[in-house]
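Participant: Pasting a structure below so you can have a look.
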Amino acid sequence: DVYLRPLMQELLKRVLDHNKKVQEAACSAFATLEEDASLHLVPYLEPILRNLMFACEKYQAKNLLILYDAVGTLADSVGSELNREPYVQILMPPLIARWNMLTDTDKGLFPLLECFTSIAQALGSGFQQFAHPVFTRCLRLIESTFVEERQAHAEGGEPPDKEMIVCALDLISGMTEGMGPAIEQLLAPSPMAQLLLACMKDEQPDVRQSAYALVGDLAKAAIGVLRPLLNEHLTVLTQQLDPEFVSVCNNASWALGEIAVKVGPEMNPFVETILQQLIPIINKHQDGLNKSLVENTAITIGRLGLVAPQLTAPALGSFVRAWCISLRSIRDDIEKEHAFQGLCNMIKLNPQAPLEAMIQLCDAIGSWNVPPAELGEMFKQILHGYKSSIPADQWTQFYATFPEYLSSRLTERYGL
């Protein structure tokens, strides 16, 4: 009440200033405030939305770009709090009016697509009433860009900018993330699977990067959309595990892990080829390779171990040390849970493999704050299995080399 509310009120007045430069500066400042204030904005959402949407009807082209960014940042900052009918009714009509006003070739569509991506994620089910026309247009934008590219190729002309494809794919990803399984009935009857496959094979890395992100999101929420061409999708993803393009490789690896969790044994024909690509990446963790890529690679290997341990366990010794080091510092979540369940499955089939990396294994197990009950039981069995397999004095010597925090945590949690 002392600082935030008066600051917001004054900034929002200036967002509606008559001077275009003041509008621009105020809108940028408000977007910065949104990022830091985050959920503190929730009590003021109605006046914020009314002001921003009034600006939407008032602004000219250049300042609209900054306004769309401010609206998208607001959606990212408050998330699902935005999904209330009164807010949706203030927010969406002016934006949909702009969306309908712009032609498919208008460059002003890019920032609006990006803005809608954030809104779709935030609104979730609340976006469903707008989903069909938005999705239909995204498909059209992708298809028409490919048609334009083929024409340019045939006539020796300048190829089109593919940014429209990237923005359209990202928006479908945002809708998939927001709407969850409900997206399937929208996408399944469409030519989405075929178009997505074309995007996955595109020569531009940024198109492939967005395509693989969408594949991963669809695997999580609506695997049925991918099923008609699943083998083709898996083949392309496997071919793209090249760390030369870090973000492309990262998304391809993550998408393979998400598919594996959903289709299980259907991954078997691809597992060995995927491993051949991923093991060198995870073993490069000490060479300064991108941290996120190494972590995602480790999670995907773990997920393959979850669904096909008989195919991954023989190779465990070649990556277990790097695997444990790379996953000890990630937060406890469902991806980490899948990965460690996969590790336990592999250890059961190949218990000799981690013997040279026991301290890293124990450290990785100890990195969990509170493991799920079933996983905690698996950890306990594995640790006690190793402890009972060597003479007591050797175990005591070995255990004494552990850092104090780790030995006390393992003793307290698993009775070592």
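Participant: Of all residues being of a type in the set (D, E, K, R) and part of a helix (DSSP H, G or I) in region 93-114, which is modelled with the highest pLDDT? Just the residue, please.
Facilitator: Going through the qualifying residues, I end up with Glu114.
Participant: Still on this structure, please answer the following. Any chance you could count how many residues in region 319-354 are surrounded by 23 or more Cβ atoms within 10 Å (Cβ to Cβ) and free of Cβ contacts under 8 Å to residues at least 12 places away in the same chain?
Facilitator: Selection size over region 319-354: 0.
Participant: Looking only at helices (runs of 4 or more DSSP H) that fall completely inside region 326-416, which ones have 3 or more residues that are under 26 Å from the mean Cα position of the chain (by Cα) and either over 28 Å from Val294 (Cβ atoms) or not β-branched (Val, Ile, Thr) (or both)?
Facilitator: Counting at least 3 such residues, we get 334-349.
Participant: Within the group Arg98, Arg5, which residue is touching a residue at least 12 places away in the same chain (Cβ under 8 Å), surrounded by fewer than 20 Cβ atoms within 10 Å (Cβ to Cβ) and farther than 20 Å from Ser118 by Cβ?
Facilitator: None of the other options fit; the residue is Arg5.
Participant: Taking Lys201, is it touching a residue at least 40 places away in the same chain (Cβ under 8 Å) and among the basic types (Lys, Arg)?
Facilitator: Spelling it out, it is not the case that Lys201 is touching a residue at least 40 places away in the same chain (Cβ under 8 Å) and among the basic types (Lys, Arg).
Participant: Another question about this same structure. Select from region 151-165 the residues that are in a helix (DSSP H, G or I) and open to solvent by less than 20 Å² (accessible area, probe 1.4 Å) and write down the one among them that is modelled with the lowest pLDDT.
Facilitator: Ala152
Participant: Check Leu316, Leu306 and return the single one that is under 23 Å from Gly366 (Cα atoms), open to solvent by 10 Å² or more (accessible area, probe 1.4 Å) and modelled with pLDDT of 95 or more.
Facilitator: Leu306
Participant: Evaluate region 128-150: report whether one residue or more is among the basic types (Lys, Arg), part of a helix (DSSP H, G or I) and more than 29 Å from Ala61 (Cβ to Cβ).
Facilitator: yes
Participant: Against the condition open to solvent by 10 Å² or more (accessible area, probe 1.4 Å), modelled with pLDDT of 95 or more and farther than 16 Å from Gln121 by Cα, how does Asn83 come out, does it pass?
Facilitator: no
The values are calculated or read from the model by the stated rules, or taken from the named source; none is laboratory data. Computed from a predicted model, the values in this text were never measured in an experiment. Backbone-built Cβ (ideal geometry, glycine too); neighbour counts: all protein chains shown. Just so you know, the surface numbers come from the protein's heavy atoms only, side chains and all, with ligands and any DNA or RNA stripped out. Shrake-Rupley method; radii C 1.70, N 1.55, O 1.52, S 1.80 Å.
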